[in-house]
Structures are given as C-alpha cells and as structure tokens.
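Notes follow once the structure below has been shown.
Derivation of every value follows stated rules applied to the coordinates shown; laboratory data play no part. No experiment lies behind these values; they were computed from the predicted model shown. Cβ atoms come from the backbone with ideal geometry, glycine included; neighbour counts cover every protein chain shown.
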C-alpha cells in the first residue's frame with residue numbers, strides 16, 4: 001500500500017518529461033526551440049555542480065588574490081575541456097545504457113577494476129571533503145555557528161535533498177539547477193560591485209602564463225576543481241535510462257539536445273569560476289591584499305572593501321555551493337561503488353561513511369581553505385583514470401554504435417588527458433626538487 005503513492009508520483013514526474021522529449025524527437029518542427037529543449041535540460045546541470053563546488057572557491061580566490069588575473073586562462077581552458085569531457089560522458093550513457101564505471105567492470109581485468117575503484121573512492125573522499133567543509137564553513141560565516149554543527153546541518157540538508165530521488169529524476173534536477181542558478185546570480189552581483197579591469201580580464205583569459213611553482217600548484221588545483229573525475233562517472237549514469245531511443249535519427253537528435261544541455265550548464269559554471277577569480281583579483285590583488293589565502297579572510301575582508309552586501313552575497317553562494325555539491329558528490333560515490341563492484345549500499349550509509357574524513361578534519365582544527373586546495377590537487381591526479389577509459393570506450397564503434405567518436409574528437413580528448421598527466425608530472429618534479 002505504501003508504494004502506490006510513491007509509484008504514482010514517480011510516473012507523474014518522470015513520464016511527462018520523457019513523453020515530451022519523445023514528442024520533440026519525433027517531429028522536425030523547429031519553432032519554439034527553447035520550449036522544445038526543456039525536457040532535455042537537467043543532467044548536465046547536476047554534473048555542473050561539481051564545477052562550482054567550495055574547492056573552486058578556495059583555488060580561485062587564492063589564485064586571484066596572489067596573481068591577479070594571471071590564471072584566468074586556466075579557468076577558460078579547463079571549462080572548454082570540461083565541455084568536451086562531459087559531452088563524451090553523456091554520450092556514453094546515451095549510446096550504451098551503461099555508465100562509465102560499469103563499462104570499466106565489463107571490459108577491464110578484475111585487478112585493474114579493483115585498483116580503479118580504490119583510486120576513485122579516494123577521489124570521492126577528496127571531493128566530499130571539499131564540499132562538506134565548504135558547506136560547513138558557509139553555515140559558520142553566515143550564522144556564526146561552530147564548524148562541527150555546520151557539518152551536521154550539511155549532512156541533514158544533504159539527506160533531505162537526496163530524498164527527492166524517490167519522486168523521480170525531475171524534482172532533484174529542478175532543485176540542483178535552482179541552487180546553481182542562485183550561485184550564478186550571486187556572482188553577477190559580485191561582478192557588478194567590484195567593477196573589474198575588463199581589458200586585463202580579456203587579455204589573461206586568452207594568454208597563458210605562470211609566475212613560479214606556486215602558481216603551477218594553484219593552476220593544477222584549479223584544473224582539479226574544474227574537470228572533476230566524479231562528475232565524469234556521474235554524468236554517464238544520469239543519462240542511462242533517462243530517455244531511451246534506439247533508431248539512429250532520434251538518437252542523434254537526442255545527442256544534439258544533450259550537447260546543448262552541456263554547453264548551457266558548463267557555460268554557467270565557467271562564468272561562476274571566472275567570476276570568483278575576477279572578484280578576488282579586482283578586490284584583493286588590486287588593492288594590495290595579496291596575502292588573502294583563506295575563504296574566511298576573503299569573507300571578512302569583503303565588507304570593509306566593498307560593503308556588507310558583497311560579504312553576504314559571497315557567503316550565500318558558498319553555502320549553496322557546498323549543499324548542492326555534497327549532494328551530487330554522494331550520488332557520484334554511489335554510482336562509482338555500484339558500477340565498479342556491483343555493490344549497493346543504502347544512500348544514508350554512504351553519506352555517513354563519506355562524511356567521516358570531513359568530521360576528522362573539522363575536529364582536528366585543520367585550515368579549511370588549505371584542506372580544500374590540497375583536495376583539489378588530489379582530484380587532478382585522479383582525472384586520467386576517468387578520462388582515459390572514457391576516451392577508450394567512446395572511440396570504439398562496437399560499443400558506441402552510431403555515436404562513436406569522430407577521429408578529431410578522440411584526438412582532442414586524448415590531448416586533454418595527456419596535458420593533465422604532464423601537468424601533474426611537472427608538479428611532482430618541482431615539488432620533489434624544491435622548485
């Protein structure tokens with residue numbers, strides 16, 4: 001008896017979206033393009049939360065405060081990479097009905113699968129650490145409550161949001177998209193307040209440059225905070241079974257709509273990331289506050305420099321970022337475990353396990369911002385283990401069928417993977433040699 005209302009709600013929420021999507025795919029009418037696109041929007045917005053999480057706040061604020069607009073090009077390049085990688089991930093789920101972790105289990109030897117699972121679990125912990133600490137910090141800055149209490153509030157709110165999954169995919173997509181939209185609005189307000197040097201913004205967005213080994217560390221952190229391994233695994237899972245079509249024409253049309261979903265969602269995430277660094281560069285670096293190295297310092301310094309409104313807008317964006325990203329991070333961890341090992345555990349158990357490292361960090365009193373930055377570097381090291389399998393699978397016609405990669409797509413994705421590996425090797429070399 002208890003299942004009947006739930007099932008009815010699930011049918012109501014999801015089947016309407018699926019039916020609308022199938023109707024759009026079955027017609028060549030190009031009128032009202034925005035209305036036609038609505039059933040397909042959502043999965044990329046959930047994945048995009050990973051690109052505006054508290055780890056981005058830490059790396060972008062420190063990068064902007066210390067180096068001004070210098071590293072803006074890293075954000076632009078990272079988000080262009082992210083668009084391609086997330087598109088490939090979505091395509092894998094669409095074409096095969098299986099997510100990336102499931103393909104790894106199906107096509108790689110068991111020892112390789114176990115090693116990859118272990119590495120991705122470490123990545124998931126690093127991800128959750130950044131998101132959990134960031135949300136707790138948001139509660140502390142806005143409400144003045146202790147970090148440990150903010151952490152418990154974060155766990156509670158996360159479980160409430162995840163509970164929306166019982167009503168289908170659409171309510172969760174709507175809530176997460178609203179949170180992402182709010183974060184973007186906050187940074188529109190911040191940019192309006194700080195009045196950056198747009199000439200410098202345009203120059204450094206296009207011209208690469210570094211200023212020593214510390215800037216390379218921050219660049220690697222920015223990359224790790226932008227192109228995130230768990231989002232790659234999650235996006236493929238979000239697409240499998242959402243809207244199922246088999247004929248080539250409809251499948252191609254569906255893929256094109258999902259490209260639009262990725263471009264819009266990643267475009268918003270790119271703006272938010274760039275706006276974080278621009279705000280820090282204009283506010284802190286531009287006024288001589290180059291030693292701003294923590295989120296707390298940034299929050300406290302904004303009020304005397306720009307007024308209380310800027311401080312509160314910043315705090316709200318950090319809180320919403322932490323709450324939304326920790327929700328998505330928990331879902332991604334579930335996908336990773338189920339995909340690699342075919343194990344299923346209750347979502348609340350997953351939440352309790354992944355929050356443990358965060359509570360340890362908070363309990364030990366470690367610096368939240370430094371912890372966030374190191375966690376993002378860990379994510380960057382995990383990226384090749386997500387991107388390389390993704391490129392391998394999406395280039396195979398026997399797996400992808402009509403949606404197999406074009407040669408140029410495979411080359412671009414392979415170059416991205418190679419660039420990430422080389423950047424990490426360089427970082428390790430400079431660190432070990434004291435550079």
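When each of 49, 115 is scored by the number of other beta-carbon atoms lying within 10 Å, the sequence from fewest to most is 115, 49.
Report D for the chain in µm² per second (integer): Stokes-Einstein, Kirkwood Rh on Cα pairs, 4 °C, 1.567 mPa s. All intermediate terms of the calculation are to be shown ahead of the outcome.
Working: Rh = 21.9 Å.
D, rounded to a whole number, is 59 µm²/s.
Rounded to the nearest 10 degrees, the inclination of helix 110-143 to the longest alpha-carbon principal axis of the chain is 50 degrees. A Förster distance of 45 Å, applied to the separation of the beta-carbon atoms of residue 247 and residue 156, puts the FRET efficiency at 0.50. Between the Cα long axis of helix 213-226 and the first principal axis of the chain there is an angle of about 30°, rounded to the nearest 10. Compare 62, 334, 200 in a GNM of the chain, Cα atoms joined below 10 Å, and give the one with the largest fluctuation. Judging by the Gaussian network model, the answer is 200.
Our summary gives region 46-432 a relative contact order of 40 percent, counting only alpha carbon pairs under 8 angstrom and 6 or more residues apart. Its relative contact order, with pairs defined as Cα atoms under 8 Å and 6+ residues apart, puts region 270-346 at 13 percent. Taking one quarter of the surface of the C-alpha convex hull of region 260-299 gives a mean projected area of 3.1 nm². Based on DSSP H segments of at least four residues, each scored -39500 (n - 2.57), the chain has a per-residue ellipticity at 222 nm of -27000 deg cm²/dmol. Among rounded, prolate and oblate, which fits region 50-165 when a ≥ b ≥ c are the square roots of the eigenvalues of its C-alpha gyration tensor, a/c under 1.5 means rounded, and a/b larger than b/c means prolate? It comes out oblate by the Cα gyration axes.
By the beta-carbon count within 10 Å of each Cβ, the least crowded to most crowded order of 402, 261, fewest first, is 402, 261.
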